[in-house]
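None of the figures in this text is laboratory data; all of them are computed from the coordinates on show. Quick caveat, the model's predicted, so the values are computed rather than measured. All Cβ positions, glycine included, derive from the backbone under ideal geometry; neighbour counts span all protein chains shown.
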Amino acid sequence: MGEPSVAMKELAQRLVAGEERRDSKANPGKNAAVRVIEKLQVLLTRFSGSEGCSALLRRAVALSRIHTSSFEGPALSPDASISSFIEMSDEDILTLMAHLLELMNTFIGKALTLTLISEVYPLDK
């Protein structure tokens, strides 16, 4: 698997921008991109179980390291806990998120990926 598609990169940016508008007062001091990853983890865990979610996150981290030489993503704990992501730069989190969205798109298809995401983030059609 190569770089995430432009569509997945743009979707990651839209999700973060939406999170910044939507929830900045509720979680001051917590990066909007981290909040998006947290919400995606909840969706994925509900859909594929904790091991399925962890596997996708691990693969997204591995792909991010391969395709972005400056990527300084986390060494994930067995449960891929969110605390691993808090110290990452915004750019690295966006890279990770784009790979995660691309993996979701590959494994469960675009329609189901967008349906899951729209449970938390209303998407323009």
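Which FRET efficiency value, to the nearest 0.05, is calculated for Ala62 and Ile86 with the Förster distance at 22 angstrom and r the Cβ-Cβ distance? Please report the intermediate quantities before stating the final value.
Numbers: r = 20 Å, r/R0 = 0.90.
FRET efficiency, Ala62 to Ile86: 0.65.
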> Under the Karplus relation 6.51 cos²θ - 1.76 cosθ + 1.60, θ = phi - 60°, what is the ordered set of whole-Hz ³J(HN,Hα) values for the stretch 89-106, x standing for Gly and Pro?
Replying inline: 6, 4, 4, 5, 5, 4, 4, 4, 5, 4, 5, 4, 5, 5, 5, 4, 4, 5
> Whole-Hz Karplus ³J(HN,Hα) for the stretch 12-22, in order, using 6.51 cos²θ - 1.76 cosθ + 1.60 and θ = phi - 60°, x for Gly and Pro?
Replying inline: 4, 5, 5, 5, 5, 4, x, 5, 4, 5, 7
> Given labels modelled 7 Å from the Cα in the Cβ direction, how far is it in nm from Ser48 to Phe107?
Replying inline: 0.2
